[in-house]
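Colleague: Please read through the structure below; I'll follow up with questions.
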Amino acid sequence: MHLKRPHIRSELLSLLVAAYLVLAFNATFWTKASDYFGDGSAGFWAFAIAISAGFAICMVVVSVKYLTKPIFILLILIAAATAWFTDSFGAVIDREMILNTVQTTPAEAGHLMTPGFLLHYLLFAIVPAMLIAWIRIVHRPFMAKLAWNAGLTVMLAAIFVASAALQMPAIASTLRQHRDLLKYLTPVTPLVSVSQYSFQTASNINREVVVVDADARRGIAAAADRKPMVTIIVAGETARAQNFSLGGYSRTTNPLLEKQDITYFPNATSCGTATATSIPCMFSQFGRRDFSFERGQYTENLLDVLRHAGVQVEWWENNTGDKGVAARSASTDFSALNDPAYCVSHECLDGILLDRLDGWLDGVSSDSVLVLHQLGSHGPAYFLRYPDEFRRFVPDCRTAEFAECTQEEIVNAYDNTILYTDHILSGVIDRLKARANTLSGAMLYMSDHGESLGEKGLYLHGTPYMFAPREQTHVPFVMWMSDGFAGAAKIDRACISALAGEEVSHDNLYHTALGMMDIIAASRDPKLDLSNGCRQAASQ
């Protein structure tokens, strides 16, 4: 016995799909709209009717024979996936988030494919998609369909215009005051973001990289007869300054760094809220206001200028990629090595960096800069970022499914990752100190961005910068240099420490690193080089 396939008119299906998209996948959008407009206000209801009519218009317009099913199914599949991350973590699926998605690794993506997500996707995406695929859509003859669709579109457009016009002052002022609202509209924002990313990628095909400071050279200090100068730059991952005890956090998350002679900058901000933006920006000569994806990808960066000046440069990758920064430099990808002592399924504890650092330092024979790109505090699987001996704050969340953990457990797991980062950074310093007779060492640490741990209903990171909470943009910044390094570079360390209270940012990294290595380059801005004034003070 064959089950008879039900029939449905294309116009009715269009309205039903529009209603499904509006109601099933926009919980965060409607919650924010209700808060911004005022729960139950006339402005809110006029806005809701206008948005619903707009969705219906779009669905009627695309209900073309042979295309209706593929389009409706695709929209539902996209909406169901993006709605989960928006509703669970407060994520905005903008162009930067699409870039992050494209550049993610299978291991990172795997942590997001939780049982909760898979069940949600089965119920809200796969089942409706199969239902649409099964039913038989009845289309009217071409001219009749054209007339019906046109008439329905005009009616819906009238509803849209009337609703918007009746409450235009309230709608306009609310959207102007809360420009983040429309970014939560699913699947509109994800589709627009994919289009922007695709256009951006296509327009950059065959674009050449702009050379920067090909004539860069080392200064007087670098030319002196002395031990090799070595700067290790640690690019942190998802560490927020609010959870560093160096900056006043109530828990002791930096017990080892507190014993080191470091300078901690408590007022540092990031260039972006996601790795794909922040890492290229950190190593770029362009500050946050002037940086763009195109500039980051197609302009030489700090590593290139250092190489032009004759410094040995290397990048060690233990995250989701160097984002193009090390494209022209020597690099090692530890996740690809998958050392079983530190790695599981190509995700490695940061201890692997310390394990390999001794051998690298013993082989240094000239001025060098090594970049360590941490896995750090990458969520949501915080519990996988530290070994058991660093489970100081318990009970800690032992799953990537935040809904199964209390807020306290999530914070405990996150704080354990900071404790482990403290161990890594202090270990870098100790290894440089141990070679004081053969090397002059320094370390710079900056996290790429921060992290939300439930504040304002947000988790993880990636919120558009103009709307991002401080938890995602306030990052830790640590500077350390040995007596030998400070002497060779003629830098007054007490002067550096006196700068600790100043407002600093990722903008300073490029210029400060060049200054510390005493590199003469046109792109180095003395105003952004934190060592510049202190070098002059030391030489007076």
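Colleague: Any idea how many residues of segment 481-533 are among the aliphatic types (A, V, I, L, M) and surrounded by fewer than 19 Cβ atoms within 10 Å (Cβ to Cβ)? Full working, then the answer.
Modeller: Of all residues in segment 481-533, those among the aliphatic types (A, V, I, L, M) come to 481, 486, 488-489, 491, 494, 496, 498-500, 504, 509, 513-514, 516-517, 519-522, 528, 530.
From what's left, surrounded by fewer than 19 Cβ atoms within 10 Å (Cβ to Cβ): 494, 498-500, 520, 522.
Final tally of qualifying residues: 6.
Colleague: Got a number for residues in segment 132-158 being farther than 30 Å from Gln196 by Cα, touching a residue at least 24 places away in the same chain (Cβ under 8 Å) and either of a type in the set (Lys, Arg) or assigned to a helix (DSSP H, G or I) (or both)?
Modeller: Qualifying residue count, segment 132-158: 6.
Colleague: Tally time: how many residues in segment 1-44 are loosely packed, with under 15 Cβ neighbours inside 10 Å, within 18 Å of Phe160 (Cα to Cα) and of a type in the set (Val, Ile, Thr)?
Modeller: Of the residues in segment 1-44, 0 are loosely packed, with under 15 Cβ neighbours inside 10 Å, within 18 Å of Phe160 (Cα to Cα) and of a type in the set (Val, Ile, Thr).
Colleague: Hey, does segment 447-454 have a residue that's of a type in the set (Ser, Thr, Tyr), at pLDDT 95 or above, assigned by TED's automatic domain parsing to the domain that holds Thr238 and outside any helix (DSSP H, G or I)?
Modeller: First, pick out the residues of segment 447-454 that are of a type in the set (Ser, Thr, Tyr): 447, 452.
Applying the additional criterion that residues be at pLDDT 95 or above yields 447, 452.
Narrowing further to those that are assigned by TED's automatic domain parsing to the domain that holds Thr238: 447, 452.
In the following step, the residues that additionally are outside any helix (DSSP H, G or I) were identified as 447, 452.
Checking segment 447-454: at least one residue is of a type in the set (Ser, Thr, Tyr), at pLDDT 95 or above, assigned by TED's automatic domain parsing to the domain that holds Thr238 and outside any helix (DSSP H, G or I).
Colleague: Could I ask something else about it? Could you tell me whether Val234 is in contact with a strand residue (DSSP E or B) (Cβ under 9 Å, 6 or more places away or on another chain), of a type in the set (A, V, I, L, M) and surrounded by fewer than 18 Cβ atoms within 10 Å (Cβ to Cβ)?
Modeller: Working: in contact with a strand residue (DSSP E or B) (Cβ under 9 Å, 6 or more places away or on another chain): yes; of a type in the set (A, V, I, L, M): yes; surrounded by fewer than 18 Cβ atoms within 10 Å (Cβ to Cβ): no.
When the stated conditions are applied, Val234 does not pass them.
Colleague: Tally time: how many residues in segment 89-117 are in a helix (DSSP H, G or I), touching a helix residue (DSSP H, G or I) at 6+ places or on another chain (Cβ under 8 Å) and of a type in the set (D, E, K, R)?
Modeller: 2
Colleague: Would segment 433-446 turn up any residue that is at negative phi, assigned to a helix (DSSP H, G or I) and not assigned by TED's automatic domain parsing to the domain that holds Phe117? It would help to see each step written out before you state the result.
Modeller: Keep residues of segment 433-446 that are at negative phi, which gives 433-446.
Filter once more, keeping what is assigned to a helix (DSSP H, G or I): 433.
With not assigned by TED's automatic domain parsing to the domain that holds Phe117 added as a condition, the list becomes 433.
Checked segment 433-446: at least one residue is at negative phi, assigned to a helix (DSSP H, G or I) and not assigned by TED's automatic domain parsing to the domain that holds Phe117.
Colleague: Also, quick follow-up: Among residues belonging to segment 215-265 that are outside any loop (DSSP other than H, G, I, E, B) and among the hydroxyl-bearing types (Ser, Thr, Tyr), point out the one that is nearest to Gly376 (Cα to Cα). If you could, list the steps in order and put the result at the bottom.
Modeller: Our first condition is that a residue be outside any loop (DSSP other than H, G, I, E, B); within segment 215-265, this holds for 217-218, 220-223, 229-236, 241-243, 245-247, 257-259, 263-265.
This time we only want the ones that are among the hydroxyl-bearing types (Ser, Thr, Tyr), so: 231, 245, 263-264.
Values: Thr231: 20, Ser245: 16, Thr263: 20, Tyr264: 18 Å.
My answer is Ser245.
Colleague: Here is a follow-up. In segment 196-204, is there at least one residue being β-branched (Val, Ile, Thr), surrounded by fewer than 14 Cβ atoms within 10 Å (Cβ to Cβ) and under 30 Å from Phe25 (Cα atoms)?
Modeller: We begin by selecting, within segment 196-204, every residue β-branched (Val, Ile, Thr); these are 201.
So of that shortlist, the ones also surrounded by fewer than 14 Cβ atoms within 10 Å (Cβ to Cβ) come out as 201.
Applying the additional criterion that residues be under 30 Å from Phe25 (Cα atoms) yields 201.
Yes - at least one qualifying residue is present in segment 196-204.
Colleague: Restricting attention to segment 285-324, which residues are among the aromatic types (Phe, Trp, Tyr) and either free of Cβ contacts under 8 Å to residues at least 60 places away in the same chain or over 21 Å from Tyr465 (Cα atoms) (or both)? Reasoning before the result, please.
Modeller: Initially, segment 285-324 is screened for residues among the aromatic types (Phe, Trp, Tyr), giving 286, 291, 293, 298, 315-316.
Within segment 285-324, Phe286, Phe291, Tyr298, Trp315, Trp316 meet the criteria.
Colleague: Right, another one. Any idea which of Leu349, Leu357, Leu372 is closer than 25 Å to Phe286 by Cα, touching a residue at least 24 places away in the same chain (Cβ under 8 Å) and assigned by TED's automatic domain parsing to the domain that holds Pro280? Please lay out each step first, then the result.
Modeller: Details: Leu349 fails: closer than 25 Å to Phe286 by Cα; Leu357 fails: closer than 25 Å to Phe286 by Cα.
It is Leu372.
Colleague: Only residues in segment 240-260 that are free of Cβ contacts under 8 Å to residues at least 24 places away in the same chain count as the first member; pair them with residues that are of a type in the set (Lys, Arg), Cβ under 8 angstrom, at least 6 apart or cross-chain, and list the lot.
Modeller: Ser245/Arg251
Colleague: Right, another one. If you check Phe334 against the conditions, is it under 20 Å from the mean Cα position of the chain (by Cα), under 23 Å from Ala239 (Cα atoms), assigned by TED's automatic domain parsing to the domain that holds Thr463 and crowded, with 17+ Cβ neighbours inside 10 Å? Reasoning before the result, please.
Modeller: Numbers: under 20 Å from the mean Cα position of the chain (by Cα): no; under 23 Å from Ala239 (Cα atoms): yes; assigned by TED's automatic domain parsing to the domain that holds Thr463: yes; crowded, with 17+ Cβ neighbours inside 10 Å: yes.
So Phe334 does not fit the description; no.
Colleague: If you don't mind, another one. So, Thr417, is that one β-branched (Val, Ile, Thr), closer than 22 Å to Ala468 by Cβ and not assigned by TED's automatic domain parsing to the domain that holds Met97 or not?
Modeller: Details: β-branched (Val, Ile, Thr): yes; closer than 22 Å to Ala468 by Cβ: yes; not assigned by TED's automatic domain parsing to the domain that holds Met97: yes.
Yes.
Colleague: Limited to segment 337-369, what total is found for residues that are crowded, with 23+ Cβ neighbours inside 10 Å, among the acidic types (Asp, Glu) and in a loop (DSSP other than H, G, I, E, B)?
Modeller: Going through segment 337-369 one residue at a time, the tally reaches 2.
Colleague: Oh, and also: In this structure, does Val212 turn out to be at pLDDT 95 or above, over 25 Å from Glu502 (Cβ atoms) and not in a loop (DSSP other than H, G, I, E, B)?
Modeller: Details: at pLDDT 95 or above: yes; over 25 Å from Glu502 (Cβ atoms): yes; not in a loop (DSSP other than H, G, I, E, B): no.
Considered against the rule, which asks whether it is at pLDDT 95 or above, over 25 Å from Glu502 (Cβ atoms) and not in a loop (DSSP other than H, G, I, E, B), Val212 comes out as no.
Colleague: Among the residues of segment 494-511, count how many are out of contact with any Ser or Thr (no Cβ under 6 Å at 6 or more places or on another chain) and assigned to a helix (DSSP H, G or I). Talk me through it step by step, then tell me what you get.
Modeller: Taking segment 494-511 first, the residues out of contact with any Ser or Thr (no Cβ under 6 Å at 6 or more places or on another chain) are 494-495, 498-499, 501-504, 507-511.
So of that shortlist, the ones also assigned to a helix (DSSP H, G or I) come out as 494-495, 498, 507-511.
Final tally of qualifying residues: 8.
Colleague: For segment 63-113, which positions are of a type in the set (S, T, N, Q) and free of Cβ contacts under 8 Å to residues at least 12 places away in the same chain? So that I can check it myself, show each step before the final result.
Modeller: Filtering segment 63-113 for residues of a type in the set (S, T, N, Q) gives 63, 68, 82, 86, 88, 100-101, 103-105.
Scanning segment 63-113 gives a single hit, Thr101.
Colleague: Kindly indicate whether Leu175 is out of contact with any Phe, Trp or Tyr (no Cβ under 9 Å at 6 or more places or on another chain), surrounded by fewer than 19 Cβ atoms within 10 Å (Cβ to Cβ) and assigned by TED's automatic domain parsing to the domain that holds Ile93. Steps first, please.
Modeller: Working: out of contact with any Phe, Trp or Tyr (no Cβ under 9 Å at 6 or more places or on another chain): no; surrounded by fewer than 19 Cβ atoms within 10 Å (Cβ to Cβ): yes; assigned by TED's automatic domain parsing to the domain that holds Ile93: yes.
Judged against the criteria, Leu175 is not a match.
Colleague: I would also like to ask the following. Going by what's in this entry, would Asp290 be described as of a type outside the set (A, V, I, L, M, F, W, C) and either in a helix (DSSP H, G or I) or within 16 Å of the chain's Cα centre (by Cα) (or both)? Show your work before the answer.
Modeller: Numbers: of a type outside the set (A, V, I, L, M, F, W, C): yes; either in a helix (DSSP H, G or I) or within 16 Å of the chain's Cα centre (by Cα) (or both): no.
For Asp290, the condition - of a type outside the set (A, V, I, L, M, F, W, C) and either in a helix (DSSP H, G or I) or within 16 Å of the chain's Cα centre (by Cα) (or both) - is not met.
Colleague: Go through (1) under 26 Å from Thr101 (Cα atoms); (2) modelled with pLDDT of 95 or more and name the single condition Val194 misses.
Modeller: (2)
Colleague: Please determine whether any residue of segment 116-130 is closer than 21 Å to Phe467 by Cα, surrounded by 12 or more Cβ atoms within 10 Å (Cβ to Cβ) and of a type in the set (A, V, I, L, M, F, W, C). Please lay out each step first, then the result.
Modeller: Within segment 116-130, the subset closer than 21 Å to Phe467 by Cα is none.
No, because not a single residue in segment 116-130 is closer than 21 Å to Phe467 by Cα, surrounded by 12 or more Cβ atoms within 10 Å (Cβ to Cβ) and of a type in the set (A, V, I, L, M, F, W, C).
The values are calculated or read from the model by the stated rules, or taken from the named source; none is laboratory data. Computed from a prediction, not measured in an experiment: that's the story for all the values here. All Cβ positions, glycine included, derive from the backbone under ideal geometry; neighbour counts span all protein chains shown.
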